[in-house]
Amino acid sequence: RSHVAIELQLVLRGAAGDLAGAEPLLRQVLALNRKTRGEAHPNTGTTLHDLGLIAAARGDYASAQSLFRQAMDTHQKALGDNHPYVAITLNSLSRVWLAQGRYAEAASALERALEIARPALGSDHQLVAIYTINLAAVNLALKEPAAAEALVREGLRVRLQAPGLVP
């Protein structure tokens, strides 16, 4: 099958919330990406990341973490250490670590994601706002309410500026 046919099926299954149906399609896309584009291609990294999201949604945090690390390694090789795709993967890793109660690791990952995203995307970018709000959640888990409040205020300021977004 072609990438386009599989990706179209994937979009349709994802829109229907069919994670179980989406996973085998993503594995096909991963195999095609590896074969046609290589291991160190951004599309390969993105597919690994998407598989990690499915594993995390299933609660399989060990697999999710492994897939996110592979995705990050791939994106770093293909695009460099300071690319926004690396920040996206760090954010995903932080969500897994937060769910596992690994708050220090989650905070560190989000701080690094923000170090990447702010200069690459600008301080008023929606991803920066999301990472900031996610860091606030980690601060709440760490019982640091003042820091969490400041982060939520910063993140919401940006979120509210985007037309059409529900805060």
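The values are calculated or read from the model by the stated rules, or taken from the named source; none is laboratory data. Everything numeric in this text was worked out from a predicted model, so none of it was measured. A quick note on method: Cβ atoms are made from the backbone with ideal geometry, for glycine too, and the neighbour counts reach across all protein chains shown. Ligands, DNA and RNA are stripped out before the accessible areas are found, and what is left, the full protein with its side chains, is counted by its heavy atoms. Shrake-Rupley method; radii C 1.70, N 1.55, O 1.52, S 1.80 Å.
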For this session: With only alpha-carbon atoms counted, please give the Rg and Dmax of the chain, in Å.
Result: 16.7, 53
Seminar exercise, completed: Binned at 5 Å from zero, the C-alpha pair distances of the stretch 81-167 give percents of 3, 18, 25, 24, 20, 9, 1
Problem set entry | Protein accessible area in the chain, 1.4 Å probe - carbon and sulfur % | 56 percent
Seminar exercise, completed: Calc'd 3J(HN,Hα), the stretch 57-68, phi into Karplus 6.51 cos²θ - 1.76 cosθ + 1.60 (θ = phi - 60°), Hz, glycine/Pro = x, comes to 4, 7, x, 8, 5, 5, 5, 4, 4, 4, 5, 5
Exercise. Quick one: how many Å² of Glu149 are accessible to a 1.4 Å probe, rounded to 10?
Worked result: 90 Å²
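Can you pull out the trypsin sites (Lys or Arg not before Pro) in the stretch 97-167 whose DSSP state is coil and whose Cβ has at most 13 other Cβ atoms within 10 Å? The partial results should precede the final answer.
Values: sites: Arg102, Arg112, Lys143, Arg153, Arg157, Arg159; in loops: Arg102, Lys143.
Here the trypsin sites (Lys or Arg not before Pro) that fit, given the DSSP loop and packing criteria, are Lys143.
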For this session: Using only Cα atoms, find the angle between the long axis of helix 103-121 and the longest principal axis of the chain, and express it within 0 to 90 degrees, rounded to the nearest 10.
Result: 80 degrees
Problem set entry | Accessible area (Å², per residue) of the chain, counting only protein heavy atoms and a probe of 1.4 Å | 52 Å²
For this session: Please name which of His49, Ala20, Tyr103 has its Cα lying farthest along the dipole of the chain towards the positive end, using unit charges on Cβ (Lys, Arg +1; Asp, Glu -1) and the Cα centre as origin.
Result: Ala20
Exercise. Beyond 13 Å, what percent of the Cα pairs of the stretch 106-146 remain?
Worked result: 48 percent
